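Step one of this worksheet: look at the structure below.
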Amino acid sequence: MNKKSGYVFVWPIGTRIIHWMMAFSFTAAFITSFYENMLHNHVAFGFIFFIIIIYRIIWGIIGPRYATFNTFKLRPSQLKHYFVEKIQNRWRKIPAGHNPASSWFTVWALGVGTVIVISGLLLYGIQEGKGLFRDLNSQYSQYMFILDMIHKYASYLFAVWVVLHISGVMVEQFWHKTGMVFAMITGYKKTEGEDTEVKPLLGFFSYMMILIAIGTYFFIISSNYNFLTLQKYTNIDYEELHPVFYEKCSDCHNIYPPYLLPKRSWIRIMGALDNHFGEKITEANITKSQQTSILEFLTQNAAESSTREAAVKIMNSLEKRRPKAITKTPYWRETHKDIPRSVFKEKKIKDKSNCIACHKDFEYGNLDDMNILYH
Ligand code: HEC
Ligand code: HEC
């Protein structure tokens, strides 16, 4: 009954599209993760990956022949047998469905993939204050470090897994000449068995999931303010919040949001205005009562009282230190260490303390990764 003699139709079009979407979305999310200002794209690709994982799990339960988990060859003895045969180059016939190696690969990939997407969604909420879990930021901000580790190492593990998978397929293709690469393109495998059939309802489900994945990607890309991407923090109007602070402290430079330094730093800075980075600020410039009022405002809104990523990470990097500049905190140095010194000397930047030159909306206390202008 095979349409193509010697070949079995194993991977219907839906399965193949899903397979390549998963490969593509993981790769794209992995690459964009290395660029802070591409977080938005990273999340959009991550969502494709997320939806494909859900799809694949459902597919493994209700899907067609060769795709369901109960056809997987997961016994360790099968895996061992497979590799022994492979190394001796005896097992040239490939099974129509998953072989033991690809069975294990799929199960592990779905497991690790689930860890990646869950930790990613939580991290987006808890660290960035964005997306579905943005409200968790206020309570669980301390968990951003552990979530970041989980998310990162699970992704590395997945990447290693992908390399192993590709190596295995290459061995099949070029050493054992089983034509495995083509199977995921044409859907046909050179083997024996029955063709797979996809019932119309299952086919519909496949296409719906593909559409949902692509639709979600564009939904995220198109806006920074929908329910999947919204940040719980909005721009702060310091001028309205504390006019004296705004007016007096933006005389020589743009104001620095109070949450970027701890209380003890603000006390130190405000206690030494007569030698403020080489400037002498006296009571003639800012009266005693204005100074008191500014200090009160700064300490009330200092890093200790904020759960923003920068505040939490600055506090975490400081230990007992009491720096009198944000640029002197270990966190600032760490996040800007890859920027060449010459960049800070450029005409439109002039100095590293000119945050606003690279961080759009900085004067509104906004440090959204998307607002980083690259140089
Ligand atoms: C007379 C000018 C002047 C005024 C007024 C002034 N500053 Fe500054 N401030 C400076 C200079 C100069 C620097 C050094 C960095 C630079 O060149 O921008 C600086 C740097 C800083 C920094 C360190 C930034 C970094 O590099 O991390 C902080 C924080 C700061 N000022 C806070 C304040 C606050 C708070 C006020 C209001 C009470 C204030 N400044 C008012 C001149 C001024
Ligand atoms: C020359 C441009 C430039 C200047 C000036 C600059 N930054 Fe940045 N900043 C960057 C870039 C680029 C990144 C992203 C680094 C990365 O990829 O991790 C960054 C990252 C950060 C982050 C971390 C963001 C995050 O989500 O991890 C913080 C906080 C930050 N900057 C604060 C400041 C402050 C405060 C100042 C001024 C005292 C400042 N920056 C000045 C370019 C700049």
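A short reminder: the numbers here are calculations on the coordinates, not readings from a lab. The structure presented is a predicted model; accordingly, all values stated were derived computationally and were not measured. No Cβ is skipped: glycine too gets one built from the backbone with ideal geometry, and neighbour counts run over all protein chains shown.
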Item to complete: Any chance you could check the Cα centroid distance between the range 56-105 and the range 265-298 for me, in angstrom?
Response: 71
Fill in: Sequence ranges 75-83, 358-366, ranked by mean other-Cβ count within 10 angstrom, highest first
358-366, 75-83
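Looking at the range 142-236, which trypsin sites (Lys or Arg not before Pro) are DSSP coil and have at most 11 other C-beta atoms within 10 Å of their C-beta?
Sparse-neighbourhood loop trypsin sites (Lys or Arg not before Pro): Lys177.
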Discussion item. 7 Å from Cα along Cα→Cβ at both Phe69 and Ile339: what's the point-to-point distance in nm?
Written reply: 4.8
Worksheet item: Along each of its three principal axes, how wide is the spread of alpha-carbon positions in the chain, in whole angstrom units, largest first?
Response: 95, 42, 38
Practice prompt. For His276, enumerate residues with amide H under 5 Å from its amide H, sequence gap 5+ or separate chain, H modeled in the peptide plane.
Written response: Ile281
Discussion item. Let me check against my output: what whole-number percent is the relative contact order of the chain, with C-alpha pairs under 8 Å and at least 6 apart?
Written reply: 20
Worksheet item: Once phi is turned into θ = phi - 60°, what whole-Hz ³J(HN,Hα) does the Karplus curve with 6.51, -1.76 and 1.60 give for every residue of the range 345-354, x standing for Gly and Pro?
Response: 8, 4, 3, 7, 10, 6, 8, 5, 7, 8
Practice prompt. Any chance you could run the full-extension gain for Lys328 through Leu241? It's 0.36 nm times the residue separation minus the Cα-Cα distance, nm to one decimal.
Written response: 28.6 nm
Worksheet item: Taking the inverse of the average 1/r across all pairs of different Cα atoms in the range 233-299, what Kirkwood radius in Å do you get?
Response: 12.4
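Cβ under 11 Å from Thr229's Cβ, Thr229 left aside: what net charge do those residues give with Lys, Arg +1 and Asp, Glu -1?
Here the charged neighbours net out to 0.
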Worksheet, complete the sentence: Note on the chain: helices (DSSP H) long enough, at least 27 Å by alpha carbon along their axis, and hydrophobic enough, mean Kyte-Doolittle at least -0.5, are 13-32, 39-62, 100-126, 144-170, 200-222
Worksheet entry | Counted charge near His81, where neighbours are those whose Cβ lies closer than 10 Å (Asp, Glu -1; Lys, Arg +1) | +3
Worksheet item: So what's the Cα pair-distance distribution over the range 238-371, bin width 5 Å, in %?
Response: 2, 10, 19, 24, 22, 15, 7, 2, 0
Fill in: Candidate aspartates and glutamates for bridging to Lys320, where Cα separation is under 14 Å - those fewer than 8 sequence places away on the same chain excluded
Glu304
Fill in: Karplus (6.51, -1.76, 1.60) ³J(HN,Hα), θ = phi - 60°, over the range 303-308, in Hz, Gly and Pro reported as x
3, 4, 9, 10, 10, 5
Response to the item:
Checking rank on 254-265, 343-354, with mean other Cβ inside 10 Å and highest first, the result is 254-265, 343-354
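R0 = 35 Å: FRET efficiency of Ser167 with Tyr140, Cβ-based, nearest 0.05?
0.35
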Worksheet item: Fully extended, how many nm does the chain gain between Ala272 and Ile372 (0.36 nm per residue separation, minus their Cα-Cα distance)?
Response: 32.8 nm
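To the nearest 20 debye, what is the magnitude of the charge dipole of the range 265-369 about its Cα centre, counting +1 on the Cβ of each Lys and Arg and -1 on the Cβ of each Asp and Glu?
500
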Practice prompt. Just the Kirkwood number for the range 15-150, please: inverse of mean 1/r across all distinct Cα pairs, in Å, one decimal.
Written response: 16.9
Fill in: Relative intensity, log₁₀ I(q)/I(0), of the range 285-360 from a Debye sum that treats every alpha carbon as a point, q = 0.12, 0.28 Å⁻¹
-0.46, -1.25
Worksheet entry | Against the rule of thumb 2.2 N^0.38 Å, how large the Cα Rg of the range 16-92 comes out | 1.51
Worksheet item: How far apart, in nm, are two points set 7 Å out from the Cα along the Cα-to-Cβ line at Tyr35 and at Lys190?
Response: 4.1
Worksheet, complete the sentence: For the range 122-235, using Cα atoms only, the Rg and Dmax in Å read 21.1, 63
Fill in: Alpha-carbon centroid distance for the pair the range 113-142 / the range 160-216, whole angstrom
32
Worksheet entry | Two-site FRET efficiency, Ile57 against Tyr156, from Cβ-Cβ distance with R₀ of 22 Å, rounded to 0.05 | 0.50
Fill in: For the range 238-254, 3J(HN,Hα) per residue [Karplus equation, 6.51 cos²θ - 1.76 cosθ + 1.60, θ = phi - 60°, Hz, x = Gly/Pro]
5, 4, 7, 5, 8, x, 5, 4, 4, 5, 6, 8, 10, 5, 10, 8, 5
